[in-house]
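These notes concern the structure reproduced below.
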Amino acid sequence: MQLLDRYNQVLNSIEQAISDSTRQNLKVNLIAVSKTYGSDSIIPLLDAGHKQFGENKVQEAEDKWPALKEQYPDTVLHLIGPLQSNKAKNAVALFDVIQTVDRLKIAKFIARECEQQDRKLGIFVQINTGEEPQKAGIPPIEADSFIKEVRDSMGLSIQGLMCIPPVDQQPSPHFALLAKIAERNGIECLSMGMSSDYETAIRLGATHIRVGSAIFGARDIQA
Ligand SMILES: *Cc1c(COP(=O)(O)O)cnc(C)c1O
């Protein structure tokens, strides 16, 4: 199957999942995760009018996106991979949404760069719902205090929460947990669901799904 066929198939599945669900909010933002794929794969989607893309590495995004964003200025680029503080300046310059805020230090760097560069970004806090030691994100038990601290002392407004469930578990309890943390903290957006489970995530209230291989095809490079 070709790229645009896969893309249209994903769009249809999203519509189907929304209409099969009982959710009130009928809007789901599809983030096309273009990591490891080059501009030749990305341009057909931009030409089809797709606007939201995700990358997991600042350096890789800097190689591809400045030129593409110049040609397609209303593109919204999401950072969905870990951010080191020495890359915060470049990340704030290039990305429109940072989904992986998980340390006060990085929140502070982002806040400072937004101020200095006069940029306004969407901010998501990553929650490590599976409490996996090797995975980034705030442990669920610390989520409320972290969110409060980011709001109160950094003055950043938090648009959403993001999670990546453990690969070897059913994703539903993780999606439900993320939704619960968001609700009790008055946070509107939920970034959850990837190629294998975005329909489940939509059923559980995802506002942003991050879909890579179901659109671009299987990645042959480890991302
Ligand atoms: C790669 C990646 C995705 C997309 O994964 P697919 O299984 O290809 O859809 C989503 N979220 C994050 C954080 C990723 O790194």
Worksheet item: Label point 7 Å out from Gln117 along Cα-to-Cβ: which residues of the range 67-85 have amide N under 11 Å?
Response: none
Practice prompt. Find out how many positive minus negative residues lie around Asp197, taking Lys and Arg as positive, Asp and Glu as negative, among other residues whose Cβ is under 14 Å from that of Asp197.
Written response: 0
Worksheet entry | Set of aspartates and glutamates with alpha-carbon distance to Lys69 below 13 Å, sequence-local pairs under 8 removed | Asp47, Asp96
Worksheet item: Once you list every other residue whose beta carbon is under 11 Å from the beta carbon of Leu46, what net charge do they have if Lys and Arg are +1 and Asp and Glu are -1?
Response: 0
Worksheet item: Between His174, Met162, Ile187, whose Cα lies farthest towards the positive end of the dipole of the range 117-197 when Lys and Arg beta carbons carry +1 and Asp and Glu beta carbons carry -1, centred on the Cα centre?
Response: Ile187
Item to complete: Among the lysines, select those whose C-alpha is under 20 Å from the C-alpha of Lys64, and discard any that sit fewer than 8 residues away in the same chain.
Response: Lys35, Lys51, Lys87, Lys89
Worksheet item: Among the lysines, which fall within straight-line cross-link reach of Lys135, defined as a Cα-Cα distance under 16 Å, with same-chain neighbours fewer than 8 residues apart omitted?
Response: Lys57
Worksheet entry | Volume per residue that the Cα convex hull of the range 3-216 spans, once the total is divided by residue count, Å³ | 118
Item to complete: Pairs of Cα atoms under 8 Å, at least six residues apart: use those to get the relative contact order of the range 3-216, whole percent.
Response: 23
Response to the item:
Pseudo-spin-label distance Ile141 to Asp40, built 7 Å along Cα→Cβ, given in nm, is 5.1
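Between beta-carbons, use under 14 Å as the cut-off and find the net charge around Leu177, counting Lys and Arg +1, Asp and Glu -1.
Numbers: positive: Lys180, Arg184; negative: Glu131, Glu132, Glu142, Asp144, Glu183.
Here the count lands on -3.
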Worksheet item: Shape call for the range 94-210 from the C-alpha gyration tensor, a ≥ b ≥ c root eigenvalues: rounded (a/c under 1.5), prolate (a/b greater than b/c) or oblate?
Response: prolate
Discussion item. Based on DSSP loop calls and a cut-off of at most 12 other Cβ atoms within 10 Å, the longest stretch of the chain free of exposed trypsin sites (Lys or Arg not before Pro) is what?
Written reply: 121-223
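Readers should treat all values here as calculations from the given coordinates under stated rules, not as data from a laboratory. Worth saying up front: this structure is predicted, and the values here are computed from it rather than measured. We place every Cβ from the backbone using ideal geometry, glycine too, and count neighbours over all the protein chains shown.
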